[in-house]
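The values are calculated or read from the model by the stated rules, or taken from the named source; none is laboratory data. For clarity, every value in this text was computed on a predicted model and none was experimentally measured. So basically every Cβ, Gly included, is an ideal-geometry build from the backbone, and we count neighbours across all protein chains shown.
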Amino acid sequence: MDQIKRNTLNLFEDNDHLTTELRLGLPGSDDQPEIKTTSLSSNKRSSSEMGSSSCMDENESTFSPPAKEQIVGWPPVRSYRKNILQVKKMESDTGSGIYVKVSMDGAPYLRKLDLKMYTSYEELMKGLQDMFKCLIGLYSEREGYNGSHHALTYEDKEGDWMLVGDVPWEMFISTCKRLRIMKSCEARGLGGSL
Amino acid sequence: MPESNDHFTPYPDHVLENVLENVLAFLHSRRDRNAVSLVCRSWYRAEAYTRSDVFIGNCYALSPRRVTDRFTRVRSVTIKGKPRFADFSLLPVNWGAHFTPWVSGMANAYRTLEKIHLKRMSVTDDDLAAVANSFPRFKELVLVCCDGFGTAGIAAVVSRCRGLRVLELIEDEVSDDYVDWISCFPADGPTNLESLMFDCVESPINFESLENLVARSPLLKKLGLNRFVTIGQLHRLMTRAPQLTHLGTGSFSPPEQPEQHEHHENDNNRVSDYVSAFASCKSVVCLSGFREIAPEYLPAIIPVCANLSSLNLSFANINAEQLKPVIRHCHKLRVFWALDSIGDEGLQAVAETCKDLRELRVFPIDATENGEGLVSEMGLLAISIGCRKLQSILYFCQQMTNAAVVAMSKNCPDLVVFRLCIIGRFSPDHVTGEPMDEGFGAIVKNCKKLTRLAVSGLLTDRAFSYIGQYGKLVRTLSVAFAGDSDIGLKYVLEGCTNLQKLEIRDSPFGDSGLWSGLPRFYNMRFVWMSSCRVTREGCLDVARQLPRLVVEVFRRDEEEGGEKSDFVNTLYMYRSLDGPRADAPRFVNIL
């Protein structure tokens, strides 16, 4: 029983190929992919470099903007540190962002969150958990809400309330208008066929 | 065993063993004890009988049974599980390192067990309950980088282990079972607590119970609060425990939403009140926490700065101007951890004051490639000039030069640990455009005491030839995105005669490089190679040649299958006395 108990962080381990597949660059940054002359011009490097399964499952070209790819586990900073600092980054950034209202059932007032500060569902969950000091679970067909008390839903452009996590991240941030943290017992109806 | 003051004449052998045991009781070092046990059989027995602290560097190197059969009177057990790259999501979640077989193996054998120290193990709530129930004299639990348990498990330990002196949870992933564990300590009377550290527990804490607990723990010296403790609450705790030597300060900011804290009306938002709290904690030598720091409060710690030997600001997003007023008092500082938000200027300030600095760690606020580089070779150079006694450094940066690294190798000859992480992969010396070979070469050449090395940046096989040639004392080597060919790996495996732990990712090392290590692998704790160029066939060959080596092959995404000629996604191999483990999940192939 204890083996099954995981926190939301672990649930996303299975989905990290999702986050890497769609990575085009840091959200919100107005960049051209910076070309590192050493990695692109050196043929020796490209032949010895792996068709790296460390970044993606498919063997995509690893040399078009290498600077912007999200490599799993690189740099070697524990996710523990990355997650906590995400909150800081949120507070200090003044650039344009995608601000959505976030409500939590039972909390007296709403918060505002900049979706562009996150690059994955995993980071969003951690940020929300930090903000609301609660535990949110992602619904999965296998495990339901995994024992947590809250679930995350969003209102899309068409006004429908959807379960967070079904669509690719980039699509999500472009259609999400607001977020709502519900009690998971109420959210069960959204979970599709049960 | 006959007592030495028995009246009958014991056999001469017994006398000798008795004397030996009494002498060996003074021997604590693992290495010395291992040497003693090799002398002859009776020394082996005597040593086994007197070893009270057992250290197991790899939980899969042997079975619990083997340990309990050999060492029968153990007070303290330390066990390490997963390889370090598990910290960076490179190890699938259910890979292993379960504590369960150990706790059940020890439950019967070690009734007088007092201390358990685990690192990177999977520990369940049931395991913790078993600890609480099996060891009546249990005193110390230290869990570092562990997961699989929650507040329910902690509650089991604190409620049943009445003699508990030390509970330290360090960088663990603790799930919130909504159990008020802090209220589960025995309700009445003073406790035996000397150390209570729960910085990493990501769930709210019942402050009233905590305050009550601290007030009746006169022996408490170390207190590590989590980020749910506000600065006002910290103030109250400090006045209850002025004898503290180690303090993890929690959030170090006022509460966000007033209704979260009942005692809000008593909180003072003025720095001066907190200053006096620190002034009365005259024994504090180690400060950490600052998890959500409101920077204007940092000067409150100034009264203790002159005595501080360790300051951990690695969660504090502060700049150089905010650091300077504080750091300039820290003359005795030996250990300093910070974020790169302090910049090269902040490091310069450290270099000017902290002449006794032994350990420095600088973590990145922005851990993305091509992020804003707040510290650079300038900061490294400043530190090397100011902190000549430096022994250990971990430094994240976006750009570096060989010159700065060479300077450090000459200015800081006492370096034992050198870990440089240039975040952009394949980054050359940003001034000369050269690979970073010469810099790391200088480190291994000039730092004669170096035992741990982590490399980064653009590196050719030449860097590895230096490491193999000069890195004779290196025990741990960490490599990522480096090297040109198998020769690089060959240099290391043939040259580094003391190598124990080798972890490599995303480097072009293949089968022939791997095979050059065949004579060494039995002398190593483990070898990890992920996203390199070793094939299944190559790994099979190693497994065939070395039957006592457990050769695990798996994919990080837990997919199974694959051809012999395919490159292996992850290779993890280690020696074992008891053969391959029985608890390997289906996606792990043991060859």
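Worth pointing out:
- Residue within segment B:471-478 that is basic (Lys, Arg) and more than 24 Å from A:Arg78 (Cα to Cα) present: yes
- Any pair with Cβ under 8 angstrom, 6 or more apart, that starts in segment B:442-460 at a residue that is at positive phi and surrounded by 20 or more Cβ atoms within 10 Å (Cβ to Cβ) and ends at one that is β-branched (Val, Ile, Thr) and in a strand (DSSP E or B): B:Gly457/B:Ile422
Residues are listed down the side, and each one gets a yes or a no for (1) under 25 Å from B:Asp147 (Cβ atoms); (2) in contact with a helix residue (DSSP H, G or I) (Cβ under 8 Å, 6 or more places away or on another chain):
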{"position": "B:Val39", "(1), (2)": "no, no"}
{"position": "B:Thr50", "(1), (2)": "no, yes"}
{"position": "B:Val54", "(1), (2)": "yes, yes"}
{"position": "B:Pro101", "(1), (2)": "yes, yes"}
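Residues checked against (1) more than 14 Å from chain A (Cβ to nearest Cβ); (2) among the aromatic types (Phe, Trp, Tyr):
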site	(1), (2)
B:Thr68	yes, no
B:Phe71	yes, yes
B:Arg75	yes, no
B:Gly81	yes, no
B:Phe85	no, yes
B:Ser89	no, no
B:Trp95	no, yes
B:Trp102	yes, yes
B:Asn108	yes, no
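- Members of segment B:534-556 found to be in contact (Cβ under 8 Å) with a residue 12 or more places away in the chain, surrounded by fewer than 16 Cβ atoms within 10 Å (Cβ to Cβ) and more than 21 Å from B:Lys490 (Cα to Cα), listed by number: B:Arg548
- The residues on offer are B:Arg227, B:Arg216, and the sole one that is surrounded by fewer than 22 Cβ atoms within 10 Å (Cβ to Cβ), within 24 Å of B:Val285 (Cα to Cα) and either in contact (Cβ under 8 Å) with a residue 12 or more places away in the chain or out of contact with any helix residue (DSSP H, G or I) (no Cβ under 7 Å at 6 or more places or on another chain) (or both) is B:Arg216.
- When B:Glu21 is tested against (1) modelled with pLDDT under 85; (2) in contact with an Asp or Glu (Cβ under 6 Å, 6 or more places away or on another chain); (3) of a type outside the set (Ser, Thr, Tyr), exactly one condition is not met: (2).
- Of the residues making up segment B:284-322, those that are more than 20 Å from B:Gly232 (Cβ to Cβ) and more than 26 Å from the chain's Cα centre (by Cα) are B:Ala306, B:Asn319, B:Ala320, B:Glu321, B:Gln322.
- Residue satisfying condition, being farther than 20 Å from B:Thr432 by Cα and within 14 Å of another protein chain (Cβ to nearest Cβ), within set B:Leu347, B:Leu390, B:Leu394, B:Leu360: B:Leu394
- The residues of segment B:267-296 that are in a helix (DSSP H, G or I), out of contact with any His (no Cβ under 8 Å at 6 or more places or on another chain) and surrounded by fewer than 20 Cβ atoms within 10 Å (Cβ to Cβ), listed by number, are B:Val271, B:Ser272, B:Val275, B:Ser276, B:Ala279, B:Ser280, B:Pro295, B:Glu296.
- B:Leu113, sole failed condition from (1) within 17 Å of B:Tyr49 (Cβ to Cβ); (2) touching a Leu at 6+ places or on another chain (Cβ under 9 Å); (3) buried (at least 21 other Cβ atoms within 10 Å of the Cβ): (2)
- Some residue of segment B:48-66 being within 18 Å of B:Phe26 (Cβ to Cβ), surrounded by fewer than 21 Cβ atoms within 10 Å (Cβ to Cβ) and of a type in the set (S, T, N, Q): yes
- Residue match in segment B:147-161 (condition: within 27 Å of B:Leu24 (Cβ to Cβ) and among the aliphatic types (A, V, I, L, M)): no
- Scanning segment B:160-192 for residues being more than 14 Å from chain A (Cβ to nearest Cβ), part of a loop (DSSP other than H, G, I, E, B) and of a type outside the set (A, V, I, L, M) gives a total of 12.
- Number of the condition not met by B:Glu211 [criteria: (1) outside any loop (DSSP other than H, G, I, E, B); (2) surrounded by 19 or more Cβ atoms within 10 Å (Cβ to Cβ); (3) away from every other protein chain (no Cβ under 14 Å)]: (2)
- Segment B:548-591, residues that are at positive phi and at pLDDT 85 or above: B:Gly579
- Members of segment B:329-360 that are under 19 Å from B:Lys389 (Cα atoms), of a type in the set (Val, Ile, Thr) and surrounded by 24 or more Cβ atoms within 10 Å (Cβ to Cβ): B:Val350
- So B:Leu380, is it part of a loop (DSSP other than H, G, I, E, B) and either more than 10 Å from chain A (Cβ to nearest Cβ) or modelled with pLDDT of 95 or more (or both): no
- Of residues in segment B:516-540 being among the hydroxyl-bearing types (Ser, Thr, Tyr) and within 14 Å of chain A (Cβ to nearest Cβ), the one farthest from the chain's Cα centre (by Cα): B:Thr535
- Total residues in segment B:33-54 satisfying the condition of being farther than 24 Å from B:Ile116 by Cα and among the aliphatic types (A, V, I, L, M): the figure is 4.
- B:Glu369 vs. criteria touching a residue at least 40 places away in the same chain (Cβ under 8 Å) and in contact with a helix residue (DSSP H, G or I) (Cβ under 7 Å, 6 or more places away or on another chain): yes
Here's the yes/no breakdown for (1) in contact with a Leu (Cβ under 6 Å, 6 or more places away or on another chain); (2) within 14 Å of chain A (Cβ to nearest Cβ); (3) modelled with pLDDT of 95 or more; (4) assigned to a loop (DSSP other than H, G, I, E, B):
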{"position": "B:Gly468", "(1), (2), (3), (4)": "no, no, yes, no"}
{"position": "B:Val474", "(1), (2), (3), (4)": "yes, no, yes, yes"}
{"position": "B:Val479", "(1), (2), (3), (4)": "no, yes, yes, no"}
{"position": "B:Gly488", "(1), (2), (3), (4)": "no, yes, yes, no"}
{"position": "B:Val492", "(1), (2), (3), (4)": "no, no, yes, no"}
{"position": "B:Thr497", "(1), (2), (3), (4)": "no, no, yes, yes"}
{"position": "B:Ser507", "(1), (2), (3), (4)": "no, yes, yes, yes"}
{"position": "B:Gly513", "(1), (2), (3), (4)": "yes, yes, yes, no"}
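- The helices (runs of 4 or more DSSP H) falling completely within segment A:107-194 that include 2 or more residues that are modelled with pLDDT of 85 or more and within 14 Å of another protein chain (Cβ to nearest Cβ) map to A:121-132.
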